[in-house]
1. Taking segment 51-64 as the search range and keeping residues that are surrounded by 17 or more Cβ atoms within 10 Å (Cβ to Cβ) and of a type outside the set (Val, Ile, Thr), which one is farthest from residue 22 (Cα to Cα)?
2. Which of the residues that make up segment 19-31 are closer than 19 Å to residue 65 by Cβ and either in contact with a strand residue (DSSP E or B) (Cβ under 8 Å, 6 or more places away or on another chain) or modelled with pLDDT of 85 or more (or both)?
3. Residues being of a type outside the set (D, E, K, R), farther than 20 Å from residue 5 by Cβ and in a helix (DSSP H, G or I): count how many of those fall in segment 25-64.
4. Please specify each residue of segment 1-18 satisfying the condition of being farther than 17 Å from residue 68 by Cβ and in a loop (DSSP other than H, G, I, E, B).
5. Residue 4 - would you say it is surrounded by 11 or more Cβ atoms within 10 Å (Cβ to Cβ) and modelled with pLDDT of 85 or more?
6. Name the one entry in 94, 100, 73 that is in a helix (DSSP H, G or I), among the hydroxyl-bearing types (Ser, Thr, Tyr) and at pLDDT 85 or above.
7. Could you tell me how many of the residues in segment 49-61 are at pLDDT below 85 and touching a strand residue (DSSP E or B) at 6+ places or on another chain (Cβ under 8 Å)?
8. With 21, 47 as the choices, which residue is of a type outside the set (A, V, I, L, M) and in contact with a Ser or Thr (Cβ under 8 Å, 6 or more places away or on another chain)?
Amino acid sequence: MGELKYLHNKSICLFTPIKEGYGTRIKILEALAYNNRIISTIKGIEGIEFQSNKNIKIVKHKNEMINQIIEFSKVKKKKTFNKFMNNYSMRINSKKLFNSLSL
């Protein structure tokens, strides 16, 4: 877990030029949990609410991909890991579910 957090903190972004596939991408969810920036195709981000997230950029062409990587590399990442991790934590969400079901 520590290595994954380190990679997301040190990387410019997660780049996922997916052309086909099915279901939500686990690596994209992990990147969101670690507050990493994401460059993806519309197929790669399928199933994830992304319109209001400025850390997610959807691209269609190679030039857009390259330009977006360059843009992300110019801006320093904000460290808000704990705030976002709570949204995706299985422990926290399982506890909320258990508490809501308890009588």
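The values are calculated or read from the model by the stated rules, or taken from the named source; none is laboratory data. What you see is a predicted model; the values in this text were computed from it and never measured. No Cβ is skipped: glycine too gets one built from the backbone with ideal geometry, and neighbour counts run over all protein chains shown.
1. Only one residue fits best here, namely 55.
2. 25, 27, 28, 31
3. Matching residues across segment 25-64 total 1.
4. If the condition is that a residue be farther than 17 Å from residue 68 by Cβ and in a loop (DSSP other than H, G, I, E, B), then 1 is the only one that fits.
5. On the way: surrounded by 11 or more Cβ atoms within 10 Å (Cβ to Cβ): yes; modelled with pLDDT of 85 or more: no.
No, not satisfied.
6. Going through 94, 100, 73 in turn, the sole match is 73.
7. Total satisfying the criteria: 1.
8. 47
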